[in-house]
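K.L.:
My questions will all concern the structure given below.
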Amino acid sequence: MKSAYLFTTIALLFFSQINFAQTTPRRIWFDTDIMIGLPERAPREVDDGVTLIMALALPSIEIVGISTITYVDYGYDVTKKILNWYAPKRNIPVYKGSPEAADLGVENEATLALAEALRKEKLDILALGPATNIATVIKNHPELAKQMKEIVFCAGRTEGFAFKPGLQKSTVSDYNFEKDVASFKVILDAGVKVVFSGFECSAYLLIGKPDVQFLKAGNEADRWLYSMLEPWQQRAKQLFGVEGFIPYDVTPLGYFTHPEYFQYYRNIPVRIETRKNDATIGRVIPPTKPFMEVNYKFKSKWKVDYAYRTLPGFEELVIELMKCPE
């Protein structure tokens, strides 16, 4: 009887530990160039905002802090607005980071806050914009690189892949990477585990007008989100021929929360080379530009995990998680 009781007790402890491991949220730092609703000459990207809303709805992660990069004042304000609607009781701190993504090594309130958080614990980092904030922490505090468990970027491509949304008549740039190439080199040199999940992974995700109609009948936050998505969908039709948008930044989040929905190249070499610019859209298109590409045939000291395809079912999850909780 004693042996049976002991076995039962050990089994209960074992399964309770498994259950604890499954329900303990993954603690992440959220670094973003969020621009949703930015009052400019044309609608701006909405995918950072959608990704933040998704992240706040998922119990499998816990956002420790949020840092903004580029348009940092507007990014701060709109992030606080989203937090007030979607997570009013969580008191998630927001910090302003690099205003132009062109000042690698210059400390700001975001880099100081991230460094302080990393001194307390190891964190995963979700990086949805240029890499300046994160690279500045590594450059100025190299001992903290080991505190970064994984960094997931919305960036990179397989060799020869072109970013052609919609009807594939136009080619866009690898913006997050191209905005600050030096910072990506600092991070890759540091040996931190890096994951790329960019345009190529999300190319077959398309959030169309019918997908978001339900938001029009929702609460104030739902209606605000719809008012942001509709003009961006219309803008996408003008640019790419399809009235819908690709939510690029949701796939880096999905790596942390729903990794089973993606296919990966593991430990694949990555290199950076300068070649003829393939972009056809942009305010200024220089004749050449850097490309950050992966291929198993490359001889490179840099290696990453690369998410290259989203599997069926993830798009429905994205749509479901847009709705604001009552």
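K.L.:
Quick one: which residue in T158, T132, T111, T136 is out of contact with any helix residue (DSSP H, G or I) (no Cβ under 6 Å at 6 or more places or on another chain) and either farther than 26 Å from A279 by Cα or in contact (Cβ under 8 Å) with a residue 40 or more places away in the chain (or both)?
P.N.:
On the way: T132 fails: out of contact with any helix residue (DSSP H, G or I) (no Cβ under 6 Å at 6 or more places or on another chain); T111 fails: out of contact with any helix residue (DSSP H, G or I) (no Cβ under 6 Å at 6 or more places or on another chain); T136 fails: out of contact with any helix residue (DSSP H, G or I) (no Cβ under 6 Å at 6 or more places or on another chain).
Only one candidate qualifies: T158.
K.L.:
Oh, and also: In this structure, does Y296 turn out to be without any contact (Cβ under 8 Å) to a residue 40 or more places away in the chain and touching a Lys or Arg at 6+ places or on another chain (Cβ under 6 Å)? Step through it out loud before you land on a result.
P.N.:
Values: without any contact (Cβ under 8 Å) to a residue 40 or more places away in the chain: yes; touching a Lys or Arg at 6+ places or on another chain (Cβ under 6 Å): no.
Against the criterion (without any contact (Cβ under 8 Å) to a residue 40 or more places away in the chain and touching a Lys or Arg at 6+ places or on another chain (Cβ under 6 Å)), Y296 does not qualify.
K.L.:
Same structure, new question: Please indicate, with yes or no, whether at least one residue in segment 65-74 is under 15 Å from the mean Cα position of the chain (by Cα) and over 28 Å from L206 (Cα atoms).
P.N.:
yes
K.L.:
Given the conditions (1) within 26 Å of W29 (Cα to Cα); (2) in contact with a helix residue (DSSP H, G or I) (Cβ under 7 Å, 6 or more places away or on another chain), report the number of the one that V242 does not fulfil.
P.N.:
Here V242 meets the rest and fails (1).
K.L.:
Against the conditions (1) under 30 Å from K237 (Cβ atoms); (2) assigned to a helix (DSSP H, G or I), where does L188 fall short? Just the number, please.
P.N.:
Unmet condition: (1).
K.L.:
Select, from L253, L225, the only residue that is touching a Gly at 6+ places or on another chain (Cβ under 9 Å) and open to solvent by less than 50 Å² (accessible area, probe 1.4 Å). Give the steps one after another, and end with the answer.
P.N.:
Values: L253 fails: touching a Gly at 6+ places or on another chain (Cβ under 9 Å).
Only one candidate passes the filter, namely L225.
K.L.:
Looking only at segment 147-170, how many residues end up being surrounded by fewer than 17 Cβ atoms within 10 Å (Cβ to Cβ), assigned to a loop (DSSP other than H, G, I, E, B) and touching a strand residue (DSSP E or B) at 6+ places or on another chain (Cβ under 6 Å)?
P.N.:
Number satisfying all stated conditions: 1.
K.L.:
If Y95 meets every condition in (1) under 30 Å from N219 (Cα atoms); (2) open to solvent by 10 Å² or more (accessible area, probe 1.4 Å); (3) in a loop (DSSP other than H, G, I, E, B); (4) touching a residue at least 24 places away in the same chain (Cβ under 8 Å) apart from one, which number is that one?
P.N.:
Going through the list (1) under 30 Å from N219 (Cα atoms); (2) open to solvent by 10 Å² or more (accessible area, probe 1.4 Å); (3) in a loop (DSSP other than H, G, I, E, B); (4) touching a residue at least 24 places away in the same chain (Cβ under 8 Å), Y95 breaks only (3).
K.L.:
Still on this structure, please answer the following. Which condition does E159 not pass, out of (1) under 20 Å from the mean Cα position of the chain (by Cα); (2) under 23 Å from I285 (Cβ atoms); (3) at pLDDT 95 or above, if it passes all the others?
P.N.:
(1)
K.L.:
Please identify the pairs in which a residue from segment 74-85 that is touching a residue at least 40 places away in the same chain (Cβ under 8 Å) has its Cβ atom under 8 Å from the Cβ atom of a residue that is in a helix (DSSP H, G or I) and open to solvent by 60 Å² or more (accessible area, probe 1.4 Å), counting only partners at least 6 apart or on another chain.
P.N.:
Note: pairs meeting the criteria are W85/E220.
The values are calculated or read from the model by the stated rules, or taken from the named source; none is laboratory data. All values reported here derive from a predicted model rather than from experimental measurement. All Cβ positions, glycine included, derive from the backbone under ideal geometry; neighbour counts span all protein chains shown. We work out accessible area using only protein heavy atoms, side chains counted, and drop any ligands, DNA or RNA first. Shrake-Rupley method; radii C 1.70, N 1.55, O 1.52, S 1.80 Å.
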